[in-house]
Amino acid sequence: MRNDYYYISDPNYFEDSSLKNPIRTHDHALETYFPEFCALHYDVRFVAAPAPSPEEKTFLFYNDYREQYGSTDIQSLCDALENSNPKCVFLDGFSQKQFLFVAPKIKDTAEVIYFFKCPRIKDLSVLSQFKNLKCVHIFWNNSLETLWNMKDNRQLKAISFDAITKLGNIESLRDSSVEYVRFDSSDNSGNTKPILFDPSVLDQMPHLKHVSLVYTNCLINP
């Protein structure tokens with residue numbers, strides 16, 4: 001695993017940063033249907049941040065939060081998980097390999113996972129092993145092209161993906177237990193992308209109660 005990253009799990013960091021209560025979705029319907037997935041108390045919050053460059057350290061307002069709160073050893077995240085049995089997990093800045101390192105440690109207990117600014121994660125197939133999974137949030141991902149096999153995620157109720165651009169295959173939703181779906185392609189400027197997947201799949205979801213789609217050529221309950 002790369003050692004040019006800092007891994008932060010110290011609760012004190014989050015209390016002093018903008019990640020204390022990060023935005024999850026702009027769709028208020030989620031709070032109507034599943035308020036427990038909006039007002040979240042995270043059992044563990046992890047950040048993977050690139051180590052500062054020598055040049056960055058010369059900046060007048062350089063923030064040494066990585067050195068102050070983090071460790072260059074990803075094993076420190078396992079130490080933070082020791083005896084925690086987390087149900088609600090927040091991951092910020094994780095790559096594919098970093099997520100796959102943590103996944104086996106949380107798969108038996110995690111009910112809610114929030115991937116915040118993890119644009120390099122392109123394969124979520126390991127989530128099929130998360131038997132207790134109920135909700136997945138994503139904010140900003142431009143790599144994910146297909147959903148995972150949800151056949152064994154029988155408790156999964158909500159998926160809320162904001163600022164996603166490449167999702168093109170949602171076939172696994174067809175026979176899922178999911179009741180709430182949001183896919184929003186908007187960027188920070190409010191620009192949207194064309195829809196890449198077949199929206200008719202949503203019509204075949206047996207348990208669907210609410211859908212929100214925000215695309216250039218498809219706008220439903222924005």
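The values are calculated or read from the model by the stated rules, or taken from the named source; none is laboratory data. What you see is a predicted model, and the numbers here were worked out from it, not measured in a lab. Note: ideal-geometry Cβ built from the backbone for every residue, glycine included; neighbour counts use all protein chains shown. In case anyone asks, the SASA skips ligands and DNA or RNA and just uses the protein heavy atoms, side chains included. Shrake-Rupley method; radii C 1.70, N 1.55, O 1.52, S 1.80 Å.
Within the range 162-197, take every residue that is among the acidic types (Asp, Glu) and farther than 17 Å from ASN149 by Cα and give me the one that is most open to solvent (accessible area, probe 1.4 Å). Only one residue tops the list, namely ASP187. Among residues of the range 104-126 that are part of a helix (DSSP H, G or I), those with a Cβ under 6 angstrom from a residue that is among the β-branched types (Val, Ile, Thr), sequence gap 6+ or separate chain, pair up as ILE106/VAL89. What's the number of the condition GLU145 fails, among (1) closer than 23 Å to ASP92 by Cβ; (2) open to solvent by 50 Å² or more (accessible area, probe 1.4 Å); (3) charged (D, E, K, R); (4) in contact (Cβ under 8 Å) with a residue 60 or more places away in the chain? In the conditions (1) closer than 23 Å to ASP92 by Cβ; (2) open to solvent by 50 Å² or more (accessible area, probe 1.4 Å); (3) charged (D, E, K, R); (4) in contact (Cβ under 8 Å) with a residue 60 or more places away in the chain, GLU145 misses (4) alone.
Conditions tested, residue by residue: (1) among the aliphatic types (A, V, I, L, M); (2) on the phi > 0 side of the Ramachandran plot; (3) in contact with a Phe, Trp or Tyr (Cβ under 7 Å, 6 or more places away or on another chain).
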site	(1), (2), (3)
LEU173	yes, no, no
VAL178	yes, no, no
GLY190	no, yes, no
VAL211	yes, no, no
CYS218	no, no, no
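Do the conditions hold for ALA163, that is, is it in a strand (DSSP E or B) and within 13 Å of the chain's Cα centre (by Cα)? So ALA163 passes the test. For LYS157, the requirement of being over 21 Å from the mean Cα position of the chain (by Cα) and of a type in the set (D, E, K, R) is not met. Has the range 194-212 got at least one residue that is at pLDDT below 95 and farther than 26 Å from ASP108 by Cβ? There is no residue in the range 194-212 that is at pLDDT below 95 and farther than 26 Å from ASP108 by Cβ. Restricted to the range 15-31, and to residues there that are over 20 Å from ARG45 (Cβ atoms) and free of Cβ contacts under 8 Å to residues at least 60 places away in the same chain, the residue that is most open to solvent (accessible area, probe 1.4 Å) is HIS28. Take the conditions among the polar types (S, T, N, Q) and in contact (Cβ under 8 Å) with a residue 12 or more places away in the chain and apply them to ASN12. Does it pass? Answer is yes for this residue. Just to be sure I understand, how many residues within the range 198-210 are touching a strand residue (DSSP E or B) at 6+ places or on another chain (Cβ under 6 Å) and surrounded by 18 or more Cβ atoms within 10 Å (Cβ to Cβ)? Adding up the residues that qualify gives 1.
In the range 53-107, the residue that is farthest from ARG120 (Cα to Cα) out of those that are open to solvent by less than 40 Å² (accessible area, probe 1.4 Å) and charged (D, E, K, R) is ARG66. Restricting ASP108, ASP79, ASP162, ASP184 to those that are among the acidic types (Asp, Glu) and farther than 21 Å from LEU40 by Cβ reduces the list to ASP79.
Entry remark, the range 32-88: residues being at positive phi and of a type in the set (Val, Ile, Thr) number 0 in total.
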